[in-house]
Amino acid sequence: MQDRGKYYITTAIAYTSGKPHIGNTYEIILADSIARFKRQQGYDVFFQTGTDEHGQKIESRAHDAGLTPKEFVDKTAGEVRRIWDLMNTSYDKFIRTTDEDHEKQIQKIFKKMYEKGDIYKGEYKGMYCQECESFYTESQLVDGKCPECGGEVTPASEEAYFFRMSKYADRLIEHINTHPEFIQPESRKNEMMNNFLLPGLQDLCVSRTSFTWGIPVDFDPKHVVYVWLDALSNYITGIGYDADGNHGDNYKKYWPADLHLIGKDIIRFHTIYWPIFLMSLGEPLPKQVFGHPWLLQSGGKMSKSKGNVIYADDMAGIFGVDAVRYFVLHEMPFENDGVISWELMVERMNSELANTMGNLVNRTIAMSNKYFGGLVENTGVKDENGIDDDLHANMTALVDKVEGHMDKLRVADALTDIFNLYKRCNKYIDETEPWKLAKDEAAKGRLATVLYNLLDGITTASTLLQSFMPETVEKIFEQINAAPVDIDDLNHIGNYPSGNKVTDKPEILFARMKLEDIMVEVEKIEAAQRAALAAKEEPEDKEEAAPVEHKPTCTFDDFTKCEFRVGEILECKNVEKSKKLLCSKVKIGPNEIVQIISGLRPKYQAEDMVGKKVMVIVNLAPRKMAGLESQGMILVAEDADGNLALMTPEKKDFPAGSEIG
């Protein structure tokens with residue numbers, strides 16, 4: 001194996017507000033498969049992950065749980081690490097932002113930036129809403145009231161430190177333009193340039209005084225360092241960066257990072273704020289930031305309030321760790337969101353894992369035992385019709401295909417090509433019909449070569465599969481009594497040792513499953529989630545409607561001026577400057593998409609909105625809310641307790657754009 005140099009890969013550090021679901025866990029599995037494959041290629045890999053443990057939300061959650069913030073994050077970080085370990089991820093460093101050495105460096109970084117003039121003390125200034133604890137400019141107010149809750153606002157200010165983002169904006173734009181590989185996929189780069197950098201950057205708040213759970217600014221301790229400067233810097237503090245210049249060996253060896261692997265929802269922080277922070281420190285920028293898509297629950301994102309969250313440990317308990325790894329890696333496209341469901345998992349389990357791969361290995365070993373007592377020899381008796389040549393061509397081409405996909409981070413495509421070789425081996429069995437050859441004593445040499453070719457094909461595919469399904473591959477090689485080969489040797493045939501003897505007791509790698517049996521287990525899991533949620537919230541069933549003050553009578557002509565349609569929510573995210581607003585991209589026709597700002601955040605998580613069909617008014621005059629333009633209204637009902645319910649069509653498959661009247 002050739003030495004290909006160093007490779008430093010990181011994930012985003014998990015926020016310690018709760019147990020990570022399978023969508024969160026996908027990222028660590030994806031990063032692990034890349035890290036393992038790079039090691040297999042001969043790279044000296046350093047793989048870092050960890051937890052983000054400071055902030056107001058943590059402070060609040062800890063208070064609600066009756067714990068100190070440190071007790072709370074210790075518990076949650078332990079749960080994150082348990083899930084990461086359960087999924088067999090091979091990280092080299094698990095950093096916590098409460099680590100003493102990290103906190104010390106953050107204080108030094110903050111002070112260095114301040115002394116350089118990149119951080120300055122200022123204040124939030126504007127109209128303050130006591131209910132929402134938020135500041136707004138005059139232009140953000142709606143009829144002089146809070147754009148979120150409609151309450152009264154008063155002039156106020158809050159002291160804070162700010163980072164001069166605009167100082168480095170032109171330099172960052174130039175870097176992005178001259179390094180097209182820096183932000184991937186391409187669509188993420190266009191979004192950052194057009195929506196944030198080119199319109200002009202505002203200075204960024206980097207300290208807070210309204211809560212205490214954070215790293216104190218050592219020269220002004222009533223301030224704590226705000227989350228992004230603290231969290232993003234883990235990528236350098238975790239490998240020995242020192243703001244005084246006394247860097248550790250790992251920093252000198254591995255920085256700059258080769259890949260920051262993150263979710264698409266935090267791409268801005270990693271491709272704008274983080275590079276600018278590094279420019280301020282005088283350090284090299286990471287080589288690439290990949291904003292991967294989301295793994296969605298069928299029909300939208302997972303929601304704890306619905307009791308339908310899918311957790312990796314629950315999935316692994318039913319299907320096994322490697323099946324979960326295969327599923328999340330295979331079902332996630334390069335650029336678009338992937339979909340997860342229990343039904344699809346069962347389908348993949350039965351078709352790909354149990355049949356395509358598992359049955360191939362099992363029947364090949366069984367035939368070797370039946371016809372040759374387990375001895376596998378290449379007798380060199382080839383087929384005259386080119387069947388062997390076609391199989392061999394598929395085998396020798398595979399390594400270049402997989403390496404090409406992995407270089408472009410197209411992991412799902414790499415897996416597909418590996419399984420295509422397993423499928424080609426299955427086809428080879430149908431073409432050669434070993435059971436017929438076994439009936440002819442003169443064909444025994446040919447039969448031996450057929451079985452050898454199958455074992456050789458399994459060796460090639462399984463060697464390349466080990467980064468994605470390591471435990472399964474270990475079982476395969478135990479059963480065929482061989483070992484993965486050097487990846488540099490896979491461009492030729494003959495890697496399975498002739499004269500080997502396979503196990504005489506092959507085991508089923510993956511058993512077929514019945515969907516109805518799995519759904520019984522799923523219902524138990526979801527029932528437990530709902531029970532836990534009910535125990536926390538202690539809800540009361542109330543049917544009383546909220547008191548409604550009647551509005552002036554309108555004519556039928558007035559009513560017909562309103563254009564109501566069925567809308568489908570394609571995207572939804574929190575509005576950064578608001579605690580109550582959601583920003584949704586809503587499809588209202590075959591080629592019509594509008595942006596609607598709604599005050600639904602207290603009742604609906606952004607991820608829960610994606611995929612919903614809702615009732616919208618589409619011909620309202622646009623208005624600004626929290627600095628964003630809203631081009632319509634999503635309709636909801638409200639009861640006496642302030643609970644909200646979206647107005648949705650009875651038929652779930654009603655097409656977006658259908659007129660309501």
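Over all pairs of different C-alpha atoms, the chain has a mean inverse distance whose reciprocal, the Kirkwood radius, equals 28.2 Å. Per residue, the chain reaches -12000 deg cm²/dmol at 222 nm when only DSSP H runs of four or more residues are counted, each adding -39500 (n - 2.57).
For a protection proxy built on the mean count of beta-carbon atoms within 10 angstrom, sort 267-275, 204-212 highest first, please.
Per-residue mean Cβ counts within 10 Å order the peptides as 267-275, 204-212.
The calculated FRET efficiency for Ala443 paired with Asn500, based on their beta-carbon distance and R0 = 25 Å, is about 0.70. Here each label is just a point 7 Å from Cα along the line to Cβ, and for Asp242 and Lys624 those points are 4.9 nm apart.
Computing FRET efficiency as 1/(1 + (r/R0)^6) for Ala637 and Glu507, where r is the C-beta to C-beta distance and R0 is 45 Å, gives about 0.20.
For the chain, the relative contact order works out to 12 percent when only alpha carbon pairs closer than 8 Å and six or more residues apart are counted. Calculation over all alpha carbon pairs of the range 341-501 in 10 angstrom steps from 0 returns a P(r) of 10, 41, 35, 12, 2, 0 percent. Taken as Cα centroids, the range 332-398 and the range 567-600 sit 45 Å apart, rounded to the nearest whole angstrom. Assuming charge only on the beta carbon of Lys and Arg (+1) and of Asp and Glu (-1), the dipole of the chain about its Cα centre is about 580 debye to the nearest 20.
Sorted fewest first by neighbouring Cβ atoms within 10 angstrom, Met367, Met395 come out as Met367, Met395. The separation of the range 422-441 from the range 187-259, counted between C-alpha centres, amounts to 59 Å. Please sort through the DSSP H helices of the chain and keep those with an alpha-carbon extent of at least 30 Å along the long axis and a Kyte-Doolittle average not below 0.5. The answer, listed by residue number, is 444-465.
Which lysines does Lys427 reach when only Cα atoms under 27 Å apart count, and residues fewer than 8 places away in its own chain are ignored? Cα-Cα hits under 27 Å: Lys370, Lys382, Lys401, Lys436, Lys439, Lys444, Lys475, Lys501, Lys505, Lys514. Candidates Leu391, Thr472, Gly445 compared by Cα position along the dipole of the range 341-501: farthest toward the positive end lies Gly445, with charges placed on Cβ. Label-to-label distance, Glu174 versus Asp74, with points set 7 angstrom from Cα along the beta-carbon direction: 5.0 nm.
Determine the dipole magnitude for the range 341-501: charges of +1 sit on the beta-carbon of Lys and Arg, -1 on that of Asp and Glu, nothing else is charged, the reference point is the Cα centre, and the result goes in debye to the nearest 20. With only Lys, Arg, Asp and Glu charged at Cβ, the dipole is about 480 debye.
In terms of its Cα atoms, the range 556-660 spans 35, 29, 27 Å along the principal axes, sorted from long to short.
Here the range 556-660 is assigned +1 on the Cβ of each Lys and Arg and -1 on the Cβ of each Asp and Glu. Its dipole about the Cα centre then comes out at about 400 debye. Taking 23 Å as the cut-off for C-alpha to C-alpha distance, list the pairs among Lys38/Lys108; Lys112/Lys167; Lys111/Lys222; Lys19/Lys104 that go past it. Over 23 Å Cα-Cα: Lys38/Lys108; Lys19/Lys104.
Ranking Ile183, Tyr311, Trp255 by Cα position along the charge dipole of the chain, where only Lys, Arg, Asp and Glu carry charges on their C-beta atoms, puts Trp255 farthest toward the positive end. Local charge for Gln41 was computed over the other residues whose Cβ lies under 13 Å away, with Lys and Arg +1 and Asp and Glu -1, and equals -4.
Placing unit charges on each Cβ (+1 for Lys and Arg, -1 for Asp and Glu) gives the chain a dipole about its Cα centre, and among Gly567, Tyr422, Asn355 the Cα reaching farthest toward its positive end belongs to Tyr422.
Looking at the chain only, what percent of DSSP beta bridges run antiparallel? Nearest 5 please. Within the chain, antiparallel bridges account for around 70 percent of the total.
Throughout, read-outs are computed from the coordinates displayed, never taken from laboratory work. Being a predicted model, the structure only gives us computed values, none of them experimental. Ideal geometry is used to build each Cβ from the backbone, glycine not excepted, and the neighbour counts take in all protein chains shown.
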